[in-house]
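Visitor: Once you've had a glance at the structure underneath, I'll fire off some questions.
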Amino acid sequence: MFANMAKWWRWIHFFFPVSVWVMSQWQISNTFYLLGFLLSLSLYWTTFRTQVPFYPSMPVVWQQVLALIPQHQPLRIIDIGSGLGDMSMFIAEKRPDCLVDGVELAPLPWLLSAVRSKFRGSKANFKFGDYYALDFANYDLVFAYLSPAAMTDLWHKAQTQMRPGALLVSYEFEINGVEPAQLISLGDNKKMLYVWKI
C-alpha cells in the first residue's frame, strides 16, 4: 500500500511523526494548532461532502488545454474547482479573446485566486460556489480536475446541459464506461488528459 502512494503522501507520512515530536519538545502554544486547523479547514472544508480535495494542476496541463482551443475561434471556458486560479489566468493571458471563468467552493483558494487575478490585471473571472449550480450550456469547454467520486455526476450534468460540439476535459480522472474522444499523454507524467466531445 505504501509503495502505491504518490510521492508527496510518502513525505507527509515521513515528516508528520517527526513534526509532532519536534512540536511537543518545543511546547508550542495551542494557538498555533488552532491556526493550522483553520487554514486546513479553509482549504478542505467541503471535501467531506464533495469528495474532491484541493488538487493544483501543472503548467503541462495548462498548455494542453490551451492547445484544445481553436486558433481563430474564441471559446467560453470554465475551470471547475479552479483552486488558486493559475490555469484560468494562464488561458486568459494567452487567449484574451476567450471568456475564462473559474469556480471554487473552498473559500481560501477562491479568495486567493480573486485577489491574484485583480493584482495581475487578469481577464479571468473567479466565482465562489459549487460548479453544480452553474449552467454548462454557457460554456464551450469545461475543464475539471476533481476526483473519481465526482466523475459520474459531472458526466450526467455535462450530457444534460452542454451543447453539441462542446468539450468536457478532465485531468487524471476518467468517466467509467464512457470512451473519451481524445486521450492526451503528458509526456513523462503517467497521468492523462481525457477529452469528451458532447
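Visitor: Could you grab the pairs with beta carbons closer than 9 Å, sequence gap of 6+ or different chains, first residue in the range 59-81 and closer than 15 Å to E172 by Cα and modelled with pLDDT under 95, second one part of a loop (DSSP other than H, G, I, E, B) and β-branched (V, I, T)?
Guide: Close Cβ pairs satisfying both conditions: G81/V52.
Visitor: Give the number of residues within the range 96-130 that are assigned to a loop (DSSP other than H, G, I, E, B) and either farther than 25 Å from H72 by Cβ or open to solvent by less than 30 Å² (accessible area, probe 1.4 Å) (or both). Show your work before the answer.
Guide: To start, the set of residues in the range 96-130 that are assigned to a loop (DSSP other than H, G, I, E, B) comprises 96-98, 105-106, 121-124, 129-130.
Adding the requirement that they be either farther than 25 Å from H72 by Cβ or open to solvent by less than 30 Å² (accessible area, probe 1.4 Å) (or both) leaves 98, 105-106, 124, 129-130.
Total satisfying the criteria: 6.
Visitor: Can you tell me which residue within the range 131-153, out of those that are within 14 Å of the chain's Cα centre (by Cα) and without any contact (Cβ under 8 Å) to a residue 40 or more places away in the chain, is surrounded by the most Cβ atoms within 10 Å (Cβ to Cβ)?
Guide: M151
Visitor: A further question on this structure: In the range 84-99, what residues are without any contact (Cβ under 8 Å) to a residue 40 or more places away in the chain and of a type outside the set (D, E)? Give the steps one after another, and end with the answer.
Guide: At the first step, the residues of the range 84-99 found to be without any contact (Cβ under 8 Å) to a residue 40 or more places away in the chain are 84, 86, 88-99.
Hits for the range 84-99 are L84, S88, M89, F90, I91, A92, K94, R95, P96, C98, L99.
Visitor: What about E93, is it of a type in the set (D, E) and buried (at least 16 other Cβ atoms within 10 Å of the Cβ)? Walk me through how you get there before you give the answer.
Guide: Values: of a type in the set (D, E): yes; buried (at least 16 other Cβ atoms within 10 Å of the Cβ): no.
No, not satisfied.
Visitor: Another question, if that's okay. When you look at G102, is it at pLDDT below 90, in contact with a helix residue (DSSP H, G or I) (Cβ under 9 Å, 6 or more places away or on another chain) and under 19 Å from A166 (Cβ atoms), yes or no? Write out each step before concluding.
Guide: Details: at pLDDT below 90: no; in contact with a helix residue (DSSP H, G or I) (Cβ under 9 Å, 6 or more places away or on another chain): yes; under 19 Å from A166 (Cβ atoms): yes.
Against the criterion (at pLDDT below 90, in contact with a helix residue (DSSP H, G or I) (Cβ under 9 Å, 6 or more places away or on another chain) and under 19 Å from A166 (Cβ atoms)), G102 does not qualify.
Visitor: Just wondering, is there one or more residues in the range 187-196 that are outside any strand (DSSP E or B) and without any contact (Cβ under 8 Å) to a residue 60 or more places away in the chain? Show your work before the answer.
Guide: In the first step, residues of the range 187-196 are kept if they are outside any strand (DSSP E or B); the result is 187-188.
The next check asks that each one be without any contact (Cβ under 8 Å) to a residue 60 or more places away in the chain; those that pass are 188.
The answer is yes, given that some residue of the range 187-196 is outside any strand (DSSP E or B) and without any contact (Cβ under 8 Å) to a residue 60 or more places away in the chain.
Visitor: If you go through the range 148-170 one residue at a time, do you hit one that is closer than 23 Å to D86 by Cβ and among the aromatic types (F, W, Y)?
Guide: No, the conditions are met nowhere in the range 148-170.
Visitor: Inspect the range 173-180 for any residue being out of contact with any Phe, Trp or Tyr (no Cβ under 7 Å at 6 or more places or on another chain) and surrounded by 15 or more Cβ atoms within 10 Å (Cβ to Cβ) and give the result as yes or no. Give the derivation first.
Guide: Quick first cut of the range 173-180, residues out of contact with any Phe, Trp or Tyr (no Cβ under 7 Å at 6 or more places or on another chain) only: 173, 176-177, 179.
From the residues that got through so far, the ones that are surrounded by 15 or more Cβ atoms within 10 Å (Cβ to Cβ) too are 173.
Checking the range 173-180: at least one residue is out of contact with any Phe, Trp or Tyr (no Cβ under 7 Å at 6 or more places or on another chain) and surrounded by 15 or more Cβ atoms within 10 Å (Cβ to Cβ).
Visitor: Moving to a separate point now. So L43 passes all but one of these: (1) over 27 Å from Q161 (Cα atoms); (2) modelled with pLDDT of 70 or more; (3) not small (G, A, S). Which condition number does it fail?
Guide: Of the numbered conditions (1) over 27 Å from Q161 (Cα atoms); (2) modelled with pLDDT of 70 or more; (3) not small (G, A, S), the odd one out for L43 is (2).
The values are calculated or read from the model by the stated rules, or taken from the named source; none is laboratory data. All figures in this text were calculated on a predicted structure; none of them were measured in a lab. As a convention, Cβ positions derive from the backbone with ideal geometry for all residues, glycine included, and neighbour counts pool all protein chains shown. For the accessible areas, the whole protein counts, side chains as well, though only heavy atoms, and no ligand, DNA or RNA atoms are used. Shrake-Rupley method; radii C 1.70, N 1.55, O 1.52, S 1.80 Å.
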